[in-house]
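Here's the structure, in structure tokens; my notes come after.
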Amino acid sequence: MRPQLLILFFLLISAVQAFSTSDSTRRLNIEAFNSSLAIAPLLKYRYPSLEINGPDPEHRRIVYRPNNSYNAGARLFAFGFTIEASAAISPGSRSIGRYGETDASELTINTMGKRWFGDLHWVNYKGLFLRKSWESYSAAPALPLRPDLSLLSRTGSVTFLFNPNRFSMRSPYLFSERQLYSAGSPLLRVAFNRFSFSGSGTMLNPEDLPYFEELDKVAGTSFFMIGLAPGYSYNYIWRDFFVNGTLTAGPAQYWIRNQQISGGTTYDIQINFVTSIGLAAGYNGRKFFGGLSYRSQGFRLKLSETTMNGDQNVLVLMGGIRFLRTQ
């Protein structure tokens, strides 16, 4: 995370707080729908990626991704509880021909309370496609494939809100509440990640190893990370429309294990960054609601000269209707 971005972010926070009025602190700011029923169809686009950056003067990089992106389903909000059911949409033959086939299994659990929210994310991918920054694939019928590579990730986090009486995270992302006036809250996120990336040979193709020389004998890498990331989230409200922005960034400790082709193992401990970003926009009325949200969790790992960046990105399009209980 660049220092300039953090400085700009906190300057924006200061500006927003400067324009806040004392009157808004005395108004009812959050409407909960604990006694109502709502249903919302959704489409979810998930695109995890792993980026390896080399030390060469041209800063060559390779990006790995699985070919498993779309889920469709619905959320049911019933008397304070949220249930989501969704199924993966299998890629078509044309997509498999270009990006290969990924054997994927995923489990995601999200929960949001008034003062905190948390998530657990368990993913296994085998079979990845890749892009090289120094090559063009616009006319290629198929991208380079590595069916032997496996990417496993177990992530979890708990985030605490310091201003839950005026600010709601459930309003822009779950729609189980409705924030009535613009407000924000400082955040504190505790995150962990158990990550593994390996294949039947080296992690990179032999023709690419000259640009990433320190990986020429590495069969796989894994680490356990725990981090503490402060941040801020803000909901801008105009009538029943909203825009949310969320950012957390902070230090994390990594315990790293590299498996060698020869069978040996090397270990390292280092401190680096862990980040999360959230963006959402839409409409949240008393009866109808809907919007588009984006959430990303990332890590940054520094080997001797090579940098590895990983991201879990989720884009959700959702819209629904509430059935309010009449008095």
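Assorted remarks:
- Tilt relative to the chain, helix 3-19 - C-alpha long axis, 0 to 90 degrees, to 10: 0
- Accessible heavy-atom area order of His121, His59, highest first, probe of 1.4 Å: His59, His121
- The helix-based estimate of mean residue ellipticity at 222 nm for the chain, built from -39,500 (n - 2.57) per DSSP H run of four or more residues and divided by its residue count, is -2500 deg cm²/dmol to the nearest 500.
- The magnitude of the dipole of the chain, with charges of +1 and -1 set on the Cβ of Lys/Arg and Asp/Glu and taken from the Cα centre, is near 1440 debye.
- Taking every C-alpha pair closer than 8 Å and separated by at least 6 residues, the mean separation divided by the residue count of region 187-320 gives a relative contact order of 19 percent.
- Anisotropy class of the chain from Cα gyration tensor, a/c 1.5 cut: prolate
- Anisotropy class of region 30-138 from Cα gyration tensor, a/c 1.5 cut: prolate
- Note on region 213-228 and region 259-295: Cα centroid distance 18 Å, given to the nearest whole angstrom.
- A cut-off under 14 angstrom between Cβ atoms defines the neighbours of Tyr125, and their net charge, with Lys, Arg +1 and Asp, Glu -1, is 0.
- Unit charges at the beta carbon, dipole of the chain: most positive-side option, Gln253, Leu215, Val158: Val158
- Accessible area per residue in Å² at 1.4 Å probe, computed on the chain: 51
- For the chain, the relative contact order comes to 18 percent (Cα pairs under 8 Å, sequence separation of at least 6).
The values are calculated or read from the model by the stated rules, or taken from the named source; none is laboratory data. Being a predicted model, the structure only gives us computed values, none of them experimental. Methodologically, a virtual Cβ is constructed for each residue, glycine included, from the backbone with ideal geometry; neighbour enumeration extends over all protein chains shown. To get the accessible areas, we keep the full protein, side chains included, count just its heavy atoms, and leave off ligands, DNA and RNA. Shrake-Rupley method; radii C 1.70, N 1.55, O 1.52, S 1.80 Å.
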